[in-house]
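One structure below.
The values are calculated or read from the model by the stated rules, or taken from the named source; none is laboratory data. Note that the structure is a prediction, hence the values are computed from the model and not measured. Reconstructed Cβ throughout: ideal geometry from the backbone, glycine too, with neighbour counts over all protein chains shown.
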Amino acid sequence: MPYQLPASSRLSSVFLIGKHTYIITKPHGTVFVDIAKVVVGACKKRAVSLESSSGYSLYDPPLTESDQHVEKLAHTDVFKFFDKAALITDSSELDDKGLPRNSWRLCSVQQVEQLKLIVGLVPVWFTGIGCFITMDQMNTFGLMQAIQSNNEVHNFKIPPGWMGLISMICLSAWIFIYEKIYLPQARKRSKKNIRFTTRHRINTGIVMAILCMVVAAIVERNRRDAALKQGTLVSPQSILLLLPQFAFSGLNEAFAAVAIMEYYTNHLPETMRTLAGAIFFLSFSASSYLNTAIINLVHLVTSNNGKESPWLGGRDLNKVKLDYFYYLIACLAALNLLYFNLFSCRYLEKHVDKRSESRHEEMNEAA
């Protein structure tokens, strides 16, 4: 106690003495409030027809001096319903200074375009959820497979928890090969943008997810058959046979997850970068909840049939048919591939941010 008081007083004095050197920026509000204002404003003007709005003008004021760090967003023709929030339907909506009297009825084009950018992420966001469900299987059932496999390799016992390192190693290895080997060599041969497109990487990641589940199902079938034949809890099958499915899971993350995160970051302006990260990790959480719902549904449906073993349930994989569940997840991943190419990628192409191309060009010049 005698030392705590002097220490706390000295720590407080450091902040007080340097108070005049602090850079204090006045808060400019949050993007979530602007989103709510645009939605409310568009709903209030839902009766206004955009086709007959030629007599109306959009409220698009220039950025103030305090917003010099903010990127000015140009008006776009997508999601036109939200444009109603920026329509000046009556001159009384503006005061003498040209500012909205009610910010919950009249919003700026800047606020509307911010919401459009976020809405444009939703289709790709759902694609990400489908990719992350496959990764969840390796973190749960994949480790259970490792526990019930022979982990002895040349008098050395491999801990089952180490199998998760395979995915991380494959992820790191691909990033190193792509960034340090492929791109430098490709830049020497061509001055064009030789990076893999976002669509190509997401497609590759989804294919890796499908292969991961198919390989996992085949390996699990052989592991269970060997365990039942020997009559033991732990199968004589080597734990090394689980390496391919964990490797495919890591490549799924290396291609799809990294590409989606990069797309979020490039799609949104710098003032919304933190929101991009939040949206990305929100898809991880959503995939976990959806995966839990799928597991509960599969267990409920398959456990009611007393003739055959349930697909899931219990701590002994030898008594269930996990391979069937893996095939089900593979089918869902295939549907995700169709969804992305038939629907989601169209939004990806429409909303690809040109900032990413210029940023890559700057990186190429620096290299």
Q. Looking at Gln114, is it out of contact with any Lys or Arg (no Cβ under 6 Å at 6 or more places or on another chain), buried (at least 21 other Cβ atoms within 10 Å of the Cβ), not in a loop (DSSP other than H, G, I, E, B) and not assigned by TED's automatic domain parsing to the domain that holds Thr265?
A. yes
Q | Qualifying position, being in contact with a His (Cβ under 7 Å, 6 or more places away or on another chain) and either within 27 Å of Ile169 (Cβ to Cβ) or surrounded by fewer than 18 Cβ atoms within 10 Å (Cβ to Cβ) (or both), among Arg199, Arg223, Arg195, Arg189 | A | Arg195
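Hey, could you check the stretch 82-101 for residues that are surrounded by 14 or more Cβ atoms within 10 Å (Cβ to Cβ) and touching a helix residue (DSSP H, G or I) at 6+ places or on another chain (Cβ under 9 Å) and say which is farthest from Lys37 (Cα to Cα)?
Initially, the stretch 82-101 is screened for residues surrounded by 14 or more Cβ atoms within 10 Å (Cβ to Cβ), giving 82-89, 93-94, 100.
Cutting the leftovers down to touching a helix residue (DSSP H, G or I) at 6+ places or on another chain (Cβ under 9 Å) gives us 82-87, 89, 100.
Details: Phe82: 10, Asp83: 12, Lys84: 12, Ala85: 8, Ala86: 11, Leu87: 13, Thr89: 17, Pro100: 12 Å.
It comes out as Thr89.
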Q. Does Leu328 count as in the same structural domain as Gly231 (by TED's automatic domain parsing), part of a loop (DSSP other than H, G, I, E, B) and under 17 Å from Ala217 (Cβ atoms)?
A. no
Q.
Condition first: modelled with pLDDT under 85, more than 30 Å from Gly120 (Cβ to Cβ) and surrounded by 13 or more Cβ atoms within 10 Å (Cβ to Cβ). Now tell me which residues in the stretch 270-309 satisfy that.
A. Ser303, Ser309
Q: For Ile129, indicate whether it is modelled with pLDDT of 90 or more, touching a Leu at 6+ places or on another chain (Cβ under 6 Å), assigned by TED's automatic domain parsing to the domain that holds Asn222 and surrounded by 13 or more Cβ atoms within 10 Å (Cβ to Cβ).
A: no
Q | Hits in the stretch 144-173 (condition: surrounded by fewer than 16 Cβ atoms within 10 Å (Cβ to Cβ) and closer than 25 Å to Val258 by Cβ) | A | Gly161, Trp162, Leu165, Met168, Ile169, Ser172, Ala173
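To keep it simple, each residue is scored yes or no on (1) outside any loop (DSSP other than H, G, I, E, B); (2) small (Gly, Ala, Ser).
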| position | (1), (2) |
| --- | --- |
| Gly128 | yes, yes |
| Phe132 | yes, no |
| Leu165 | yes, no |
| Gln185 | yes, no |
| Arg195 | no, no |
| Gly205 | yes, yes |
| Ala226 | yes, yes |
| Val234 | no, no |
(Q) Conditions first: (1) crowded, with 21+ Cβ neighbours inside 10 Å; (2) aliphatic (A, V, I, L, M); (3) closer than 16 Å to Gln145 by Cα. Ile206 passes all but one, so which condition is the exception? (A) (3)
Q. Conditions: (1) outside any helix (DSSP H, G or I); (2) loosely packed, with under 13 Cβ neighbours inside 10 Å; (3) among the hydrophobic types (A, V, I, L, M, F, W, C). Val78 meets all but one. Number of the miss?
A. (2)
**Q.** Qualifying positions in the stretch 138-163 - over 23 Å from the mean Cα position of the chain (by Cα) and assigned to a helix (DSSP H, G or I)
**A.** Leu143, Met144, Gln145, Ala146, Ile147, Pro160, Gly161, Trp162, Met163
